[in-house]
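In what follows, a structure is listed as structure tokens, so that the remarks can point back to it.
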Amino acid sequence: MSKTSIIDYKPEIDCLRAVAVFLVILFHFDLFIVKGGFIGVDVFFVISGYLITNLVIKDIRNNRFSFIEFCTRRIRRIIPALYSTIFIVIILCYFVLSPDHFNRITKSGISAATAYSNFFFWYEFGYFDYNKYFKPLLHTWSLSVELQFYIIWPIITFTIFKLFKKKIIFFVSLIFLLSLFLSTIFSERTTGYFYFTLFRLFEFAIGSIIYLIKDQVKIKSNDSYFFIGMLIIISSSVGFSEKSIFPGINALVPCVGAALILITGGKLIIFKEIFINRFFIFFGKISYSLYLVHWPLITLYKYIKLEPLHDLEKILLIFVTIIISFFTYQFIELPFRKKVNNRFIVSTKKMIIIFILSLLSIILISNYFVTTNKFTKLSQNKQNTIKKMKEEMKIIENFERDALIRVTKKNYFNNNYKPIKVLIWGDSHAGDLYNSLNINNEFSKLDLEFLSYDYFYCFKDVAIYEKITQFIKNFFKFPHNCKEKVKLFPPGYDVLKNSDIIILSSRWPKKINFDEIEKFVKNYNTNKIIIVGRKPRFFHIPTLYIKSDKDLNHLAYINHNPVVRNINEEIKKKTTNQNLIFFNIEDLICANKKCTVIDQNNLLVRDQDHWSYQGFIYYGKMLAKNKFLDIILDNSNLPR
């Protein structure tokens with residue numbers, strides 16, 4: 001290590017890295033109450049903005065800045081450990097994952113290796129869905145954001161510094177404000193924006209601004225501001241959750257905490273020994289490897305076990321993560337970064353050759369494994385079950401399109417022999433319900449139609465943050481996505497007006513405002529409304545079936561998402577208070593410590609929460625058995 005690098009080394013940054021990575025780990029391992037530990041990634045982005053601006057500005061001032069040299073140093077820092085992780089994870093996944101999930105991991109591996117996994121997962125959003133445990137490389141989205149930042153930020157900084165040397169802080173601040181504004185406006189629209197580099201740029205810009213102003217800022221009580229910064233970060237990790245809108249203004253909170261620590265961390269007195277010590281420095285140095293290793297480890301372990309993890313297992317997995325990360329740091333990270341006599345041990349030429357060969361290896365092994373049909377390794381019985389389910393789904397895959405055509409062409413409710421006109425309105429869950437009632441003879445007296453609508457989540461209770469966001473949008477006269485979707489709902493849908501009864505079904509979120517939903521529906525039809533609760537959400541049922549010979553209905557029960565039960569209880573209270581009819585479909589599927597997802601070797605659920613063709617038949621009969629038809633008839637205002 002050169003004398004310059006020793007002088008430039010800032011231990012407080014490694015200590016902040018340690019805090020950030022452990023918040024992420026505790027969040028992913030679901031330990032303690034760190035429900036918002038993902039904000040550790042935001043802290044990392046602030047640190048990167050600080051360090052990269054530092055490197056670029058110093059090189060420009062010393063007339064030695066080279067974009068190629070800069071990229072080479074970043075490749076040394078990021079690529080060796082990343083490629084090693086991707087390569088090993090793909091090999092392990094071949095032996096662990098089901099065929100469908102393995103095909104996805106190969107694509108995500110190539111996207112991570114070529115620095116666009118944030119876009120890959122953007123298309124697959126979202127980061128907080130229950131499917132995340134089927135994506136062992138999901139966490140690489142943040143590395144792709146970093147790598148994209150490494151490409152654009154030196155160019156931006158170099159250009160601004162050369163053209164407007166004294167105004168660089170002004171232009172960086174403009175970038176900060178623009179990115180924050182766009183992030184605030186758009187982040188609530190879809191969780192996919194969680195991955196978008198432009199909406200994260202303000203976080204890097206905060207770190208950059210801190211570097212640019214650190215010499216001008218004189219703080220008398222560094223320890224006090226350090227404590228406030230740390231308190232903000234810890235509070236964010238506890239106060240935020242998967243339901244919080246990110247990035248947007250929420251992401252600004254931990255970033256401010258990180259900024260305070262970057263300003264004060266090197267000037268501490270009271271907290272110096274507590275914060276800057278060997279323990280934090282050690283974990284800060286291996287933080288990158290910790291980040292890379294922990295997520296594939298827990299996802300693959302959960303996938304193998306197929307049951308919820310105990311806290312002791314999680315703690316042991318963290319210890320295993322630390323051990324693997326230490327060796328990764330020592331034998332993969334350091335050799336590419338270490339210098340002897342001011343020369344890298346692995347020359348740039350060798351590194352580029354290794355980089356190209358590694359990338360080709362990842363692509364080749366991914367393609368080879370995909371062409372090797374894992375499906376044939378299953379028992380014939382399981383092969384037949386999976387094959388039958390997929391073939392039967394083709395029968396009804398176009399039902400939404402056909403229903404939409406009927407509605408738009410006003411060719412709906414055209415069966416005069418079925419006097420009771422029932423509209424099922426909602427998202428894909430409503431589609432499942434429509435198919436189930438339509439297929440089963442028990443409901444043959446109903447004239448059924450389906451109207452697709454994915455925006456009932458727009459009727460959730462508005463939090464303080466969202467009120468602030470809406471104020472900003474109104475001030476700038478910027479369209480509000482949900483309001484526009486509700487306002488622009490086609491009034492020409494006569495199918496609503498001609499319905500004797502309306503059934504609403506959706507993947508309901510928490511804190512839904514059914515009073516607003518009722519007012520919205522009553523604009524079109526004043527007849528009775530039945531609210532169907534949210535269906536249970538499982539670990540991927542075909543995977544449970546493929547991976548285990550245990551009782552599938554019991555496995556489904558112990559792996560189903562408990563949050564859904566709380567949501568349905570909340571819906572029941574709200575609909576009772578508003579005199580709406582509520583039917584809890586979860587009780588129909590899950591009872592007596594089992595969830596019925598297989599019957600006579602027929603899979604009834606085709607993924608996490610959508611029914612198969614056999615599921616339509618089975619659950620339709622269960623709906624009839626549980627007097628769902630009687631509920632419809634009793635509230636249709638028509639003779640039975």
Can you compute the modelled spin-label distance between Asn341 and Met393, with each label point 7 Å from Cα toward Cβ, in nm? 6.2 nm
Charge dipole of the chain about the Cα centre (unit charges at C-beta), most positive-ward option of Phe514, Ile152, Leu317: Ile152
For the stretch 175-304, what is one quarter of the convex hull surface built on the Cα atoms, given in nm²? 9.9 nm²
So for the stretch 505-640, what percent of the C-alpha to C-alpha distances run longer than 27 Å? 27 percent
The answer for Lys460, listing residues at least 5 apart or on another chain whose modeled amide H is closer than 5 Å to its amide H, is Asn513
If one takes the longest principal axis of the Cα atoms in the chain, at what angle in degrees, from 0 to 90 and to the nearest 10, does the Cα axis of helix 67-96 lie? 40 degrees
Suppose we take every Cα in the stretch 592-633 and form the convex hull; what volume per residue is that in Å³? 94 Å³
What percent of all Cα-Cα pairs in the stretch 112-252 falls into each 10 Å bin, going from 0 up to the bin containing the maximum distance? 11, 32, 35, 18, 3
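Calculated FRET efficiency, Ser224 and Ser361, Cβ-Cβ r, R0 51 Å, to nearest 0.05?
After rounding, the FRET efficiency stands at 0.50.
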Restricting to the stretch 493-599, what percent of DSSP beta bridges are antiparallel, rounded to 5? 20 percent
Under 13 Å from the Cα of Lys272 - aspartates and glutamates, other chains or at least 8 residues apart: Glu12, Asp223
In percent, how large is the relative contact order of the stretch 85-217, given Cα pairs closer than 8 Å and 6 or more residues apart? 25 percent
Under the Karplus relation with 6.51, -1.76 and 1.60 and θ = phi - 60°, whole-Hz ³J(HN,Hα) for the stretch 34-46, x at Gly and Pro, equal 7, 6, x, x, 4, 5, x, 5, 4, 5, 4, 5, 5
Calculate the translational D of the stretch 92-189 in whole µm² s⁻¹ from Stokes-Einstein, where the hydrodynamic radius comes from the Kirkwood formula applied to all Cα pairs, the temperature is 4 °C and the viscosity 1.567 mPa s. 82 µm²/s
Two-site label geometry, Thr576 and Lys510: point separation in nm, points 7 Å out along Cα→Cβ: 2.1 nm
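So if each residue of separation counts as 0.36 nm, and I subtract the Cα-Cα distance between Phe331 and Asp454, what length gain in nm does that give?
39.3 nm
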The correct ranking of Ile281, Ile502, Ile88 by accessible area at 1.4 Å, largest first, is Ile88, Ile281, Ile502
When each pair of different Cα atoms in the stretch 232-367 is counted once in the 1/r mean, what is the Kirkwood radius in angstroms, to one decimal? 19.0 Å
With only Lys, Arg, Asp and Glu charged, each at its Cβ (+1 for the first two, -1 for the last two), find how big the charge dipole of the chain is about the Cα centre; round to the nearest 20 debye. 1740 debye
Can you tell me the length gained on complete extension of the stretch Ile152 to His554, counting 0.36 nm per residue apart and subtracting the Cα distance? 139.6 nm
Taking each pair of distinct Cα atoms in the stretch 287-443 once, what is the resulting Kirkwood hydrodynamic radius in Å? 22.6 Å
Given Cα pairs under 8 Å that are at least 6 residues apart, what percent is the relative contact order of the chain? 15 percent
Compute the accessible area per residue over the stretch 568-639, keeping the other protein chains in place, probe 1.4 Å, unit Å². 47 Å²
Rounded to the nearest 5, the percent of DSSP beta bridges in the chain running antiparallel is 30 percent
Cross-link partners of Lys267 among lysines (Cα-Cα below 23 Å; sequence separation of 8 or more within a chain): Lys3, Lys10, Lys58, Lys214, Lys218, Lys220, Lys285
Calculate the FRET efficiency for Lys593 and Asp311 from the Cβ-Cβ distance with a Förster distance of 22 Å, rounded to the nearest 0.05. 0.50
How far apart, in nanometres, would the label points at Glu442 and Lys349 be if each is projected 7 angstrom from Cα along the Cα-to-Cβ direction? 7.6 nm
Taking only the alpha carbons of the stretch 494-578, what extent do you get along each of the three principal axes, in Å, biggest first? 51, 26, 15
Short version: what are the Cα gyration tensor semi-axes of the stretch 288-352, square root of 5 times each eigenvalue, largest first, in whole Å? 35, 12, 6
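Where does each of 35-44, 210-219, 609-618 land if you order them by average Cβ count within 10 Å, highest first?
Working: 35-44: 26.3, 210-219: 12.8, 609-618: 22.5.
For the peptides 35-44, 210-219, 609-618, the packing ranking is 35-44, 609-618, 210-219.
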16 Å Cα-Cα reach of Lys302 towards lysines, excluding residues that sit fewer than 8 places from it in its own chain: Lys132, Lys135, Lys314, Lys547, Lys550
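Report the charge-dipole magnitude of the stretch 188-314 in Debye, nearest 20, computed about the Cα centre from +1 at each Lys and Arg Cβ and -1 at each Asp and Glu Cβ.
300 debye
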Between 0 and 90°, nearest 10: helix 399-408 axis offset from the chain longest Cα axis: 70 degrees
Considering only protein heavy atoms and a probe of 1.4 Å, how much of the accessible area of the chain is carbon and sulfur, as a whole percent? 60 percent
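The values are calculated or read from the model by the stated rules, or taken from the named source; none is laboratory data. Just so we're clear, the structure is a prediction, and the values are computed from it rather than from any experiment. Backbone-built Cβ (ideal geometry, glycine too); neighbour counts: all protein chains shown. The protein model used for the area step is the full one, side chains on, heavy atoms only, and it has no ligands, DNA or RNA in it. Shrake-Rupley method; radii C 1.70, N 1.55, O 1.52, S 1.80 Å.
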